[in-house]
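Worksheet for the structure shown next.
The values are calculated or read from the model by the stated rules, or taken from the named source; none is laboratory data. For clarity, every value in this text was computed on a predicted model and none was experimentally measured. Virtual Cβ from ideal backbone geometry, glycine too; neighbours counted across all protein chains shown. When the accessible area is computed, the model is the full protein with side chains, heavy atoms only, and any ligands, DNA or RNA have been set aside. Shrake-Rupley method; radii C 1.70, N 1.55, O 1.52, S 1.80 Å.
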Amino acid sequence: MSATSGTAAAEQEQTGAARGPDGVEPPVLEVRDLEVSFPGGRGNAGVTAVRGVSYEVRRGEILGIVGESGSGKSVSSLAAIGLLPDYAQVKGSIRLHGEELLGLDDRTMARKRGHAISMVFQDPLSGLTPVYTVGDQVAEAVRVHNPQISRAAAHKRAVELLTLVGIPDAERRQRSFPHEFSGGMRQRVMIAIAIANDPDVIICDEPTTALDVTIQAQILEVLKAAQRETGAAIVMITHDLGVVAGLVDRVQVMYAGRLVETGTVDDVYYRTRMPYTMGLLGSVPRLDQDEKSPLIPIKGNPPSLTDMPPGCPFAPRCPIAVEACDAGEPPLEQVGGEGHRAACIRAGEIESNSWTAHDVYPVSEIAHDPVSQVPREDRGTVLRVEGLAKHHPLMRGALFKRRVGTVYAVDGLSFDIREGETLGLVGESGCGKSSTLMEILSLDKPQQGTVEVLGKESGRLSNRERFDVRRDVQVVFQDPMSSLDPRMRVFEIIAEPLRTHGYAKDRIRSRVLELMELVGLDGSAVTRSPAEFSGGQRQRIGIARALALEPKLLVLDEPVSALDVSIQAGVINLLEELKARLGLSYLFVAHDLSVVRHIADRVAVMYLGKIVEIGDVQSIYRRPTHPYTKALLSAIPLPDPEKERRREHIVLQGDLPNPADPPSGCRFRTRCQKFAVLSEDDRSACREREPELRHRVEGAADQAAACHYADTEGSR
Amino acid sequence: MAKFLVRRLLSYLVLIFLASSIAYLIAATTLSPRAYFEQQQPPPSDQAIERQLDKLNLNPETPLAERYATWVAGVAVGDFGQTITDQSVNEAIARKAGVSLRLIVAGTVIGATLGVAMGAYAAVRQYGRFDRVTTVAAFFLLAVPAVVVAVTLQVIAVWINDVSGMRLLEYGGEYSANLDAGFWGTLLDRVQHAILPTMALSLSLFAAFSRYQRNMMLDVLGSDFVRTAMAKGLTRRAAMIKHALRTALIPTITYFTFTFGILIANATFTEKIFGWHGMGAWVVDSISTQDVNAVAAVTFFMAVCVMAASFLSDVLYAWLDPRVRVS
Ligand code: SF4
Ligand code: SF4
């Protein structure tokens, strides 16, 4: 079980096996016609979550399984590792090194889990037992499979593993409890557990979805390192087409419990043959596209697994569906290159005509909004924030609270939003973007600085004015329904603000129907309750409610981050269209820089309560000058395998510092990749003086960065 | 960690003092010892009553503050005064505390352990037969007052004894008087007497704990860390015990602290019903005999019990959840 000898052998095998297309080496993990169903009962219909999935991975190979929520991708992997609940019915075959795993009892299966096959899960925050130290939990993984090993030796191995996955000072930190670790660090621990016994297969189920982009980049690096170290085959399950693009060798797309397209990454990404995959690729907002072309939304929702249409499960949403599609489920058949298969009866046609997503999906042009022609300076200011600060006291003690520090959640923020403009406020969790938003929405006097909404200063409003301002500023949350009574009908939800603001009864009805139409929902649905709608539709209801009073400024708090990409695209398009039609201004708070690039005119990047770079989207995305902005942009994987393979990612070190104790001088210096290469003399400026936000680049009027050594000319 | 426990212990001492003081003050103002003496046959003379009241520090003519000061001064040196029949309260405590403690400790340990174990198991087998049976049983026990449970147990005991034709189960007193059966015989006799009251006490505790533990366990069963534990290579059973149950026990410890007060109240009824001469039975008697000092002393005893239980849960908590030790 020594790591070093294992590595050498693994590398040899890896070079011998994964690259050899002859496939002499048998696959490590082989799944055949897997079917998983959860029987009904207690009033629920049974669900078949996976319907005939097959795949195989060899040593050193990385296989990507892509799909949206409910596609069955996670269920199929849980089946492989034997962690489905008892009542799940699994059919087919799962072979590990040729040995059938299905039907093994728990004890035998337990010996394989974590030893020959291991798994990294999505949510690292809840993935570790809160009452044991991380060292104990890693050591436990070592000891279950090597009972003869001593406690001390197991701990020594745990420290080795923790060092390997990049936990600094592992010797000391192994005695920490999970809650003392950040999300990224916990995910590292999970990876350490997964590789503790040199497994042959590691299944990663959305391992980076819950993490910030810069942390995601770190974790992906760790996974690659882990693979090098163990030579294991990796099954990477994700919804993010970017993550898999540069990482995997082959990719499989799942829809409604089945594989709909499989092949090498290049085949699937560049020679897409299945309309669903096309839609999926087209619906992702991309960082590498300058031009604003509307995203490709896939209309409708995935079919409910309890009530499948008889033919192609994608038929109800497919723009090129023909009658024959409903006849029977199309089999997964070879199209084009070796191993490239698609489940679509028109795949051949798509291939011979070389149709792309834009041929298959009708795209409506988004109207240009007239305001955007007017130069920025000549437009009225909708929101002005000047030197805004919000400091929370940090309290300790159960009975007698005492102040032990201050959290500088927002610390001197200035920006403005003009009419018809969208400002994207981006940053990772903990950067203070939500606090900023709350301060603006509260309309109270801020602790420091001023907030001016439509020319009226917060905290100096009469009750009457407040009421009016509230009408002009509306907000859409990530899950707009969570704050509402679930028994309310959609009509009531949208009508409520109208009632509050004294609309006449008869006008309310017509206004609600008008709004439903505006957001692309069927007016007859107003009598239903929100629970009957899908996530994307609920978000539309939330938008309709926010628009009811014809506001001027819409504050959007991560409005699409909970939605699947294909649904997200529709909502983004809707927001863009509404802005153009109604002349709205948006304050768009998000962590996803690709989405912001797509929708915003200007963008402000926040780090630890401060704006580090602000400016128009074109300048910032094309020519970021602040090291943090650069790192953020570089950390986002592109859904383009070739570009992705060629890209060098800047991987930031470490975690966000404690906001109660920010570093002196430049707050970013503890992680700054530029600081790391500066001479000792130059560093002192970063340590001692706080960089101010100002224009740095010649010729870019609207771009300012807070860095002493920001780039001054266009280079990336 | 030790500092944390010492701090807790100190605050418990303060609470015990406050609780018994308040009990003394309430008893001293609401009970009327004079009435007790006036009812005696033949009624003693007024002077005799007065003298007796003064002697026992029970005279309502003496200002309350003064009586309280005398009582506190006594307690400070470990003297709880005299009962209304002019016997040493301390001696009575010495006789009765053990009786109550045996009942409470056995009832708690059996009720809580069984409750936790069965609740946790029921959760693992959710909707299984075991789960359904324990759920029905627990709800039944929770719905029926403890007194009714105790009396029902007695009825059942009579029936069992009749059917078996032997006195297997005893339901009056703590032991048979004048028994001479050597060590083992005496022990057997005591166990025979203890089974029913202990059961009566532990049943309601069992019901509450099994419900609570079941819910706590269900909360953690599906949690990601249990899945992680299994993914590491632990069997389902090992993951359940080492990771799920361990974590699910923590809130139960807190719950135990809250329910312990009710348990003591139940112990009082149980002692009365089964004729055990413990502290609980004594306090009921003392109230009817207007015995201020005894009431205060029993309250003191109960406060100590509650605080001891709280302290025990603090220790258990710190043991189960090592996170409190580091923060
Ligand atoms: S089989 Fe028909 S409905 Fe299904 S994806 Fe192909 S064209 Fe569309
Ligand atoms: S001021 Fe210094 S530490 Fe801060 S971002 Fe610029 S180079 Fe990095």
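In the assembled protein chains, A:Thr381 presents an accessible area of approximately 50 Å² (probe radius 1.4 Å).
Separation of the range A:493-532 and the range A:237-301, taken as the distance between their Cα centroids, equals 36 angstrom.
With a/c under 1.5 counting as rounded, go ahead and sort the range A:131-261 into rounded, prolate or oblate using the C-alpha gyration tensor (a ≥ b ≥ c being the square roots of the eigenvalues; past the cut-off, prolate if a/b is larger than b/c, else oblate). It comes out prolate by the Cα gyration axes. For A:Gly114, the residues 5 or more places off, or on other chains, whose built amide H falls under 5 Å of its own are A:Met119. Here the relative contact order of chain A, from alpha carbon pairs under 8 Å that lie six or more residues apart, stands at 13 percent.
As a quick test, which of the pairs A:Lys552/A:Lys674; A:Lys73/A:Lys579; A:Lys390/A:Lys552; A:Lys224/A:Lys299 have an alpha carbon distance above 32 angstrom in this structure?
Pairs exceeding the cut-off: A:Lys552/A:Lys674; A:Lys73/A:Lys579; A:Lys224/A:Lys299.
Averaged per residue, the range B:93-288 has 48 square angstrom of accessible surface, using a 1.4 angstrom probe with ligands and nucleic acids left out. Need the per-residue list for the range B:201-238: every residue with at least 30 Å² less accessible surface in the complex of protein chains than in the chain by itself, probe 1.4 Å, sorted by number. Flagged in the range B:201-238: B:Asp224, B:Phe225, B:Arg227, B:Thr228, B:Met230, B:Ala231, B:Lys232, B:Gly233, B:Leu234, B:Thr235, B:Arg236. Computed on the Cα trace of the protein assembly as shown, the radius of gyration divided by the Kirkwood hydrodynamic radius gives Rg/Rh = 1.06. Accessible-area rank, largest first, for A:His155, A:His598: A:His155, A:His598, with all protein chains present and a 1.4 angstrom probe. Each Lys and Arg Cβ is given +1 and each Asp and Glu Cβ -1; about its Cα centre, the protein assembly as shown then shows a dipole of about 1660 debye.
Using a probe of 1.4 angstrom and keeping all protein chains present, the accessible surface of the range A:244-393 works out to 45 square angstrom per residue.
Working note: Karplus 6.51/-1.76/1.60 with θ = phi - 60° gives the range A:235-247 the couplings 10, 9, 9, 7, 9, 9, 5, x, 4, 7, 3, x, 9 Hz, where Gly and Pro are set to x. Of the GluC sites (Glu not before Pro) in the range A:209-308, the ones in a loop by DSSP (not H, G, I, E or B) with at most 14 other beta carbons within 10 Å are A:Glu291. The string of couplings for the range A:93-108 from the Karplus curve (6.51, -1.76, 1.60, θ = phi - 60°) is 8, 10, 10, 10, 6, x, 9, 5, 9, 5, x, 6, 7, 4, 5, 5 Hz, one whole number per residue in order, with x for Gly and Pro. Taking 29 Å as the straight-line reach from the Cα of B:Lys55, the lysines in range (excluding those fewer than 8 positions away in the same chain) are B:Lys96.
For the range B:1-87, GluC sites (Glu not before Pro) meeting the loop criterion (DSSP other than H, G, I, E, B) and having at most 15 other Cβ atoms within 10 Å: B:Glu61. Annotation for the range A:669-707: GluC sites (Glu not before Pro) lying in DSSP loop with at most 12 further Cβ atoms inside 10 Å of their Cβ are A:Glu692, A:Glu698. When DSSP beta bridges are restricted to pairs lying wholly in the protein assembly as shown, around 60% turn out antiparallel. Per residue of the protein assembly as shown, the DSSP helices (runs of n ≥ 4 H) give a summed -39500 (n - 2.57) that works out to -15000 deg cm²/dmol at 222 nm.
Each chain gives up part of its surface: A and B jointly bury about 2400 Å² of accessible area, both sides summed, for a 1.4 Å probe.
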